[in-house]
Number of protein chains: 2
Amino acid sequence: MIKRKINVKSVMEPKSIAIIGASKNPSKIGHAIIKNMLISGYVGKLYAVNPSSDEILGVKCYNSVLNIRNKIDCAIIAIPAKIVPQALEECGKKGIKGVIIISGGFKEVGEDELENQIIEISEKYGIAVLGPNCLGIVNVEKHLDSIFLPTYKMKRPQSGKISFITQSGAVGSTLIDLIGESSIGISKFISYGNAAVLNEADLLKYLRNDKQTEIIVMYVEGVREGRRFYDELKKTTLKKPVIVLKAGKGKLASQAAASHTGSLAGDSKVFSSMLKQAGVIEAESLEELFDLSKIFLTKLPKGKNIFVLTNGGGSGVLAVDGIEKYDMKLAELETKMKRKMKRILPKHVVVDNPFDVTGDSGNDRYRIVLDEVVKEPKIDAIIVITLFQTAGLNAEVVHDIINASNSADKPLIAVAAGGAYTKLQLNILESYGIPSYESPTQAVYVLSKAYWYKRKREKNARNK
Amino acid sequence: MIKRKINVKSVMEPKSIAIIGASKNPSKIGHAIIKNMLISGYVGKLYAVNPSSDEILGVKCYNSVLNIRNKIDCAIIAIPAKIVPQALEECGKKGIKGVIIISGGFKEVGEDELENQIIEISEKYGIAVLGPNCLGIVNVEKHLDSIFLPTYKMKRPQSGKISFITQSGAVGSTLIDLIGESSIGISKFISYGNAAVLNEADLLKYLRNDKQTEIIVMYVEGVREGRRFYDELKKTTLKKPVIVLKAGKGKLASQAAASHTGSLAGDSKVFSSMLKQAGVIEAESLEELFDLSKIFLTKLPKGKNIFVLTNGGGSGVLAVDGIEKYDMKLAELETKMKRKMKRILPKHVVVDNPFDVTGDSGNDRYRIVLDEVVKEPKIDAIIVITLFQTAGLNAEVVHDIINASNSADKPLIAVAAGGAYTKLQLNILESYGIPSYESPTQAVYVLSKAYWYKRKREKNARNK
């Protein structure tokens, strides 16, 4: 098997890149790629390859990679499918060990022969090929961005702990754009399209060993090497959480997936139970994938006992609904603590769990209650619901919540929803690593999944 | 029963309002209410009542409502609970027929006696009392806004077709703020708190007969007159859709609800099946409540057959997953239409359902395909997925989608997710009444519920 000889690092962390198909024409993909690479400030050496230009956006342009004297780690190919094999052959001759093929027009449109040529050339020269029919990669630490979508339409995230592996460029870029809008940040983004050479298992293994990556999020339609994928997943979840959204679950959907990336989707029930066994958290939708990936930014809960703090009674009730629905528990409060709170706080405050400081609360009540519960051993997780819309709260309450999260020995997550004012506060909280959710029910759901992961990881570690 | 004599209109559409507890002090609720009433530009006569001021923000201030010579339709009370009965008694003497009691400190904190006094005075004088312990109302058409939350923290929605009835002020204001941020708009918002006098059934009946209201959204924790509520629901769903989020479903949660608005939650399964029978759409979470309320802004689907148009293959696959999950159908395309599309469109476009115009599509492909399907009789609903992040699409595609929606004889809904650029496009779509969703799966879910409602309404109409 050729796989042992190829190295994902030449794709993910190249010190020099040639863009084959770089173009002066702003409507071409090859233009967008070189432009975004310059905007993101790629830290390595950059070369353009296009027989009809001398330079593009100030980058020297060559006829072929064979005419470049210096060593090149990675080539990004954005030219018509028909001429991709020839370009790849030249990469092989030049000794380039990593190639990202952005171009579509292969197996996904029935051009299996063209895709087989890619595989053969990759094997012949030992090239790690990502794609074809993909968006390529983002490596935030290396300022490497091969995505051809304009930055004014799709925001690029800041540096963070989450890495993505996605088969679909559309789904991937939606996620990137959503995260770009928040303060969460990512480490790596990998869109792998048809997976002619590098597949789910290879990329997962790479991210498992990547120090910057602490959380792995995947969108897959079908899997090539099922058994190897399972083994890689199982090894990976012992080190870091993996969240997977599997699309193409039904019969109809798997047909749609075939015409998309030419992959076979397989039986969804078998797939789901395989994920579970491997300790993977499965998401049911895009929103869930996003929500679940955030929860691992904070600590893992040691048990099921949740404490709910709120200034809106209705939101507290919804959290309790969630606690019952997802089989978690309402933490019991110590009598001593309750007595103290009743002494300090106004009479109409509901000193219980949910702890309702009520709509006229200022920051002080949040601070007083959080001070008591962050160290409380019978509480395994804290949900802080904040109706930022009330007149009494000022923006300072965000710092009280951040301070509480920092001193807590348990996860603290925020719940709030609303317009611009509320979104700003949530952005601040997330920039300090506090996951935030729009609905109390969803907050409990993600905590229940984090708790499941913790126990499963311990179990899998024992049985290793 | 006193109920027959009271009139919800005096609360909802008063021509004159007295604010009892209006205050010069910006930290008081009575200040926020009068300020917001002035900001919103209430179209009727406004009076302030406070023994210690002569005028407040330019509004003449009286000792008591009894000193005001002109007729007053409605009083808004924001004073300590203890002195509310006396103020209400004065309202009765003055002949005021509608009163909104914003103040808390009644049944929800165990002061049942105080709440009983409210009920007695209401019966004695025939006053329609909303509250206590509530946010009051917004009537967008009358520029009436009794909500004491600052406008810079909570946006107020523009005029629209959706009306809200909410027991919890927190949940209600979150929804208002979310809708205020969008282009959707509302007609009425009613926060009814403890429901001492006016309850779910009364408010529902009012909105059923309200011409501006086309969609009714409710958040309830418990219900007072169960049988009457059911009858009102059944009558209402024959005229307009009703979407309900019931909180406090489990045993624990119903305890939390009791300490919030003093209501008993009842058995959740019985409640859910009652809603179903009445033709009500039940939401499981706040997000769902929001998502479901939007779908009724467009036409109802006549059948299950959905057509999916996308420029991202992965998103198409997720839509198909949804179609199988929620028991809808993928519409079959006419051979003639397929042949025509294959002739006009580039070879790599997937002419099928999902119809994938692929990532390099410009506006033209969207326009060409939509032109074909808006009148196609075998298609009952259209989902347009747009990855606005791609380089080829410009903002004009939004107009193509709006034109298609206007000329379609079926619902057309949009799916897109992302940062600022995408959000702007979605806002434009929603301002033209096109519901939009972040996830393809969710789009199918809401369509399936709209279809369920249509059939249930027909069935209930037959059995009337």
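The values are calculated or read from the model by the stated rules, or taken from the named source; none is laboratory data. Predicted, not measured: the structure shown is a model, and the values here were computed from it. No Cβ is skipped: glycine too gets one built from the backbone with ideal geometry, and neighbour counts run over all protein chains shown. Heads up: the accessible areas ignore ligands, DNA and RNA and are worked out on the full protein's heavy atoms, side chains in. Shrake-Rupley method; radii C 1.70, N 1.55, O 1.52, S 1.80 Å.
Taking region A:286-310 as the search range and keeping residues that are at pLDDT below 95 and facing chain B (nearest Cβ under 8 Å), which one is least open to solvent (accessible area, probe 1.4 Å)?
Per the criteria, the residue is A:L286.
Filter region A:120-144 down to the residues that are closer than 16 Å to A:I17 by Cα and polar (S, T, N, Q) and list them by number.
A:N139
(1) surrounded by 21 or more Cβ atoms within 10 Å (Cβ to Cβ); (2) under 17 Å from B:P241 (Cβ atoms): which one isn't true of B:W452, the others all being true?
Only one criterion is unmet by B:W452, namely (1).
When you go through B:I413, B:I434 one by one, which is the residue that is within 21 Å of B:L286 (Cβ to Cβ), more than 8 Å from chain A (Cβ to nearest Cβ), open to solvent by less than 10 Å² (accessible area, probe 1.4 Å) and not in a helix (DSSP H, G or I)?
B:I413
Do we have any residue at all in region B:195-214 that's open to solvent by less than 10 Å² (accessible area, probe 1.4 Å), touching a residue at least 60 places away in the same chain (Cβ under 8 Å) and either within 13 Å of chain A (Cβ to nearest Cβ) or farther than 25 Å from B:C74 by Cβ (or both)?
no
Anything in region A:329-352 that is open to solvent by 60 Å² or more (accessible area, probe 1.4 Å) and either within 10 Å of chain B (Cβ to nearest Cβ) or under 23 Å from B:G193 (Cβ atoms) (or both)? List them, or say none.
A:K329, A:K347, A:H348, A:D352
Is it the case that some residue within region B:316-325 is open to solvent by 20 Å² or more (accessible area, probe 1.4 Å), touching a Leu at 6+ places or on another chain (Cβ under 6 Å) and within 11 Å of chain A (Cβ to nearest Cβ)?
Taking every residue of region B:316-325 in turn, at least one turns out to be open to solvent by 20 Å² or more (accessible area, probe 1.4 Å), touching a Leu at 6+ places or on another chain (Cβ under 6 Å) and within 11 Å of chain A (Cβ to nearest Cβ).
Only one of these is away from every other protein chain (no Cβ under 14 Å) and more than 27 Å from the chain's Cα centre (by Cα): B:R457, B:R462. Name it.
After ruling out the rest, the residue left standing is B:R462.
From the residues in region A:125-172 that are among the basic types (K, R) and more than 9 Å from chain B (Cβ to nearest Cβ), which one is surrounded by the most Cβ atoms within 10 Å (Cβ to Cβ)?
A:R156
Quick check on my filter: what residues within region B:437-454 are more than 14 Å from chain A (Cβ to nearest Cβ) and polar (S, T, N, Q)?
B:S448
Can you tell me how many residues within region B:353-399 are among the aliphatic types (A, V, I, L, M) and either open to solvent by 20 Å² or more (accessible area, probe 1.4 Å) or assigned to a helix (DSSP H, G or I) (or both)?
Qualifying residue count, region B:353-399: 8.
Using the structure shown, decide if B:I100 is more than 24 Å from the chain's Cα centre (by Cα) and more than 10 Å from every other protein chain (Cβ to nearest Cβ).
no
Can you work out which of the residues in region B:232-274 that are more than 10 Å from every other protein chain (Cβ to nearest Cβ), assigned to a helix (DSSP H, G or I) and at pLDDT below 95 is nearest to A:K329 (Cα to Cα)?
B:K269
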